[in-house]
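K.L.:
Handing you a structure now.
The values are calculated or read from the model by the stated rules, or taken from the named source; none is laboratory data. Since this is a predicted model, take the numbers as computed values, not measurements. So basically every Cβ, Gly included, is an ideal-geometry build from the backbone, and we count neighbours across all protein chains shown.
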Amino acid sequence: MAPRTPKGKADAPVPAPTMDSLLATKEIVVACGPGGVGKTTTAAASALMAAVNHGSKVLVLTVDPAKRLANALGLDGIGNTEHKVPASAFRAAGLKPRGELWAAMLDTKESWDSLIRHHAPDEQTRDEILANPLYQSISGRFIQSHDYIAMERLYEIHLSAEYDLIVVDTPPTRNALDFLDAPERMADFFSSRLLRWLIVPYRSKLVNVATKPFYQISDRILGTEFMSDISEFFILFQTMYDGFVERSKAVGRLLADRRTTFVVVSTLEATPLREAEFFAEQLTARRLHLGAIVLNKVLPDYLQGRAGAKVAEAMKDRAEDLAVELAPVVGAGDPALADPAQIARVLTEVADSYLNFQVVALREMEERANLAVAPEVLATVPFFDTDIYDLSGLLRLGEQIWD
Amino acid sequence: MADRPDAAEAADAADAAHGPGDPAPTADARPMTPLLDRKLVFVTGKGGTGKTTVASALALLASSRGKRVLICEADAKGELAAYYECPPMAFKEKEVQPGLFAMAMDTEASLREYLRLQLRVPVVGRIGPVAKAFDFLGTAAPGVREILTVGKFCWEVREKGWDMVVVDAPASGHIVGQLAAPQAVNGLVKVGLIRSQTDWMLEMLSDPAITGLLAVCTPEEMPVTETIELAARVEQETTVQLAGVVVNRVLPELFGRKEEAVFEALAGAGPLAELDTLVDGDAGPVLEAARLAVTMRRTRATHLERLRAGIDPGVPLLYLPYLFTRAHGLRTTRQVAGSLGEELGY
């Protein structure tokens, strides 16, 4: 790789990568990381920035956006279908995008249903599967099916070749790695021995040496009726195995493709950051592309200085004297505010608050300095004092990570 | 004690507080047993709200009050050990603090124990392949894995004589499925040994004198929304009672209204320049930080209002302060346990 030199020099053809350049060159961006760190807003802000600045047609596929954000993206009640973010929303934010921003929400149940419709060999099998109580239970409630379906949906949309860039928000998982393993796990399951056991005609099960202990135990625990319900379901499903296995493998290949990159989102709090670091290490170990780490909700720099602490300490220690001196100027507009005792209380509170937040800010700074992984891009987003729920808010966030 | 957001702030928040889509409060008419008197407490919450912190603090608080407590890590992420600064946990419980034992859930070990102790199925030799099959079956047939997990906790309460079992349960997106599993399995499985097992489990889970769910949230938009939704789903889909909501990381209130006027005057150009001279430095950042703290608290107050409106008034809300500390681990767990104790009136 060419040595990195400052921008603008004639001999510097390779500037340091930024989110701008990352999003301009990739086709799929997967935002992932621990829960509660702002993954959804980061994904939406990245997509918005790409639509505004690159003139691309961009889709953000979100999992569970906050209600107001869903409204802002025009997603309320839209569900699974892709939907163009209306021009009025851009106008309201004072924006004229060069490209287009599309959004879709992931509806697990609906996605499973459409997958079945796609793979089912005939109408009868399709209807029987869709009506099967076990299927309904799996597709609707079974949590791990979210992981797979998110990646499957991504594959499907990418295959449609409708978008220049797809930014996908990942579902909250028990473990951040679950969705990476989901395609492989799905393929494993459909080619597993267990599945072959399950679809053996029921009568022969108890005489087969390999499956006998399994069936003895499971019959005893679950009852014969339930076990044959399960078998029936998988026999129905059998016609679709090959399609599923093939598809799962293709989804896995897409994640490893050089057009795909991962953006790990975190805050600088210890617990989520450790999880994010672990996740980033795993991406590298699996030869997946770690494009960026975005650190959200970082306290402002002005909380860090020793100078600030000195001022705060002085304000606290000398609050009463300072209050007496300040009373005339503070009360210049409104004499009711010139009470020195009250001014002293305010000075003390303000100083204490600064010193309190400084403890947290210094801890954050240390966490950032000791980050165990080195992504191409490391972006820091300051703490926003209000919630982000519209395009202007997303833009504010997006500008922080852009370059 | 956590600084309760009071009436003055509620007034500030009132106009922004009620969204049209907020679900109505749920109503659980059953009596409310004090948290520490329950024998089985599941602690859940959205990721990043401090679920494990609260679970570990609750267990520490109960044990420090003389109870014999078991804490179980249901997620098996291996995070809990750091909160007590002890070696990683195993399926077999170990004493990590006086009177406080900890274990980590393990489906295979649980299945083995279940077969041996409860179903009296002789398990000879390798269970590996069978357990693996069950793991897959758990993937395919929802409820089976959950029964093994929840069943283990119920069994610990019934057979091992713990004063309290605290479960560091899955995050709020997953907990309902787990707590509803006994009913779901009861519906799917008509006969078989598991049916009789789910009957007694259901009885225990449905008894609010024994079992409760503690939801942890922070006063932020998504955690509050998720907590309100969780409360409604717990009421509709499970038989477990919501025993309380912990509001974690509540910021202290800096000023009353009049003091805020003083602050605004102080931050004006003239007074600020005077202050700079008096302290011989730049006081701008110090005042800026206070403004940030006030705005943060105010934004959070609107979400707190929404939480109060969305949760049954009979469900206690417990406030824990934001910790301005550099410490991690046991020291933090102790601090949180102390705050929790004060909130519970000890």
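K.L.:
Residues to consider are B:201, B:222; find the one that is buried (at least 20 other Cβ atoms within 10 Å of the Cβ) and in contact with a Lys or Arg (Cβ under 7 Å, 6 or more places away or on another chain).
P.N.:
Among B:201, B:222, only B:222 is buried (at least 20 other Cβ atoms within 10 Å of the Cβ) and in contact with a Lys or Arg (Cβ under 7 Å, 6 or more places away or on another chain).
K.L.:
Filter segment B:159-181 down to residues that are within 29 Å of residue B:98 (Cβ to Cβ) and hydrophobic (A, V, I, L, M, F, W, C) and give me whichever is nearest to the other protein chains (Cβ to nearest Cβ).
P.N.:
B:169
K.L.:
Follow-up question, since we're still on this one. Could you check, for segment A:277-286, whether at least one of its residues is among the basic types (Lys, Arg), surrounded by fewer than 18 Cβ atoms within 10 Å (Cβ to Cβ) and under 21 Å from residue A:37 (Cβ atoms)?
P.N.:
Taking every residue of segment A:277-286 in turn, none turns out to be among the basic types (Lys, Arg), surrounded by fewer than 18 Cβ atoms within 10 Å (Cβ to Cβ) and under 21 Å from residue A:37 (Cβ atoms).
K.L.:
Does residue A:286 qualify as being among the charged types (D, E, K, R), in contact (Cβ under 8 Å) with a residue 40 or more places away in the chain and within 30 Å of residue A:396 (Cα to Cα)?
P.N.:
On the way: among the charged types (D, E, K, R): yes; in contact (Cβ under 8 Å) with a residue 40 or more places away in the chain: yes; within 30 Å of residue A:396 (Cα to Cα): no.
In short, no.
K.L.:
I'm told residue B:97 meets every condition in (1) surrounded by 23 or more Cβ atoms within 10 Å (Cβ to Cβ); (2) closer than 23 Å to residue B:323 by Cα; (3) more than 13 Å from chain A (Cβ to nearest Cβ); (4) touching a Cys at 6+ places or on another chain (Cβ under 9 Å) except one. Can you identify the failing condition by its number?
P.N.:
Tallying (1) surrounded by 23 or more Cβ atoms within 10 Å (Cβ to Cβ); (2) closer than 23 Å to residue B:323 by Cα; (3) more than 13 Å from chain A (Cβ to nearest Cβ); (4) touching a Cys at 6+ places or on another chain (Cβ under 9 Å), residue B:97 fails exactly one: (1).
K.L.:
Restricting to segment A:252-269, name every residue that is touching a Lys or Arg at 6+ places or on another chain (Cβ under 8 Å) and either surrounded by fewer than 18 Cβ atoms within 10 Å (Cβ to Cβ) or charged (D, E, K, R) (or both).
P.N.:
A:256, A:259, listed by residue number.
K.L.:
Another question, then. State all residues of segment A:251-278 that are in contact with a helix residue (DSSP H, G or I) (Cβ under 6 Å, 6 or more places away or on another chain), more than 14 Å from chain B (Cβ to nearest Cβ) and aliphatic (A, V, I, L, M); if no residue qualifies, say none.
P.N.:
A:251, A:254, A:264
K.L.:
Moving on to the next point. Restricting to segment A:74-89, count the residues that are modelled with pLDDT of 80 or more and either in contact with a strand residue (DSSP E or B) (Cβ under 8 Å, 6 or more places away or on another chain) or assigned to a loop (DSSP other than H, G, I, E, B) (or both).
P.N.:
6
K.L.:
Still on this structure: Give the residue, chosen from B:214, B:251, that is among the hydrophobic types (A, V, I, L, M, F, W, C), in contact (Cβ under 8 Å) with a residue 24 or more places away in the chain and surrounded by fewer than 24 Cβ atoms within 10 Å (Cβ to Cβ).
P.N.:
Testing whether each residue is among the hydrophobic types (A, V, I, L, M, F, W, C), in contact (Cβ under 8 Å) with a residue 24 or more places away in the chain and surrounded by fewer than 24 Cβ atoms within 10 Å (Cβ to Cβ) leaves just B:251.
K.L.:
Before we move on, is residue A:281 away from chain B (no Cβ under 12 Å) and free of Cβ contacts under 8 Å to residues at least 12 places away in the same chain?
P.N.:
No; evaluated as a whole, the condition is false for this residue.
K.L.:
Taking the criterion of being modelled with pLDDT of 85 or more and within 29 Å of residue A:35 (Cβ to Cβ), would at least one residue in segment A:118-131 satisfy it?
P.N.:
No, the conditions are met nowhere in segment A:118-131.
K.L.:
With the structure loaded, tell me whether residue B:57 is buried (at least 20 other Cβ atoms within 10 Å of the Cβ), of a type in the set (A, V, I, L, M, F, W, C) and under 19 Å from residue A:272 (Cβ atoms) or whether it fails that test.
P.N.:
Here the answer is yes, as residue B:57 does meet what is asked.
K.L.:
Sort through A:368, A:363 and tell me the only one that's within 30 Å of residue A:283 (Cα to Cα), away from every other protein chain (no Cβ under 14 Å) and part of a helix (DSSP H, G or I).
P.N.:
Selected residue: A:368, the only one of A:368, A:363 that is within 30 Å of residue A:283 (Cα to Cα), away from every other protein chain (no Cβ under 14 Å) and part of a helix (DSSP H, G or I).
K.L.:
Residues in segment B:255-263: is at least one in contact with a Pro (Cβ under 9 Å, 6 or more places away or on another chain) and surrounded by fewer than 24 Cβ atoms within 10 Å (Cβ to Cβ)?
P.N.:
No, that holds for no residue.
K.L.:
Does segment A:351-363 contain at least one residue that is loosely packed, with under 15 Cβ neighbours inside 10 Å, of a type outside the set (Gly, Ala, Ser) and in contact with a helix residue (DSSP H, G or I) (Cβ under 8 Å, 6 or more places away or on another chain)?
P.N.:
Checked against the condition, which is being loosely packed, with under 15 Cβ neighbours inside 10 Å, of a type outside the set (Gly, Ala, Ser) and in contact with a helix residue (DSSP H, G or I) (Cβ under 8 Å, 6 or more places away or on another chain), segment A:351-363 yields no hits at all.
K.L.:
Considering segment B:268-291 alone, what residues qualify as being surrounded by fewer than 21 Cβ atoms within 10 Å (Cβ to Cβ) and either within 33 Å of the chain's Cα centre (by Cα) or more than 7 Å from chain A (Cβ to nearest Cβ) (or both)?
P.N.:
Listed by number, the residues that qualify are B:268, B:269, B:272, B:273, B:276, B:277, B:280, B:284, B:291.
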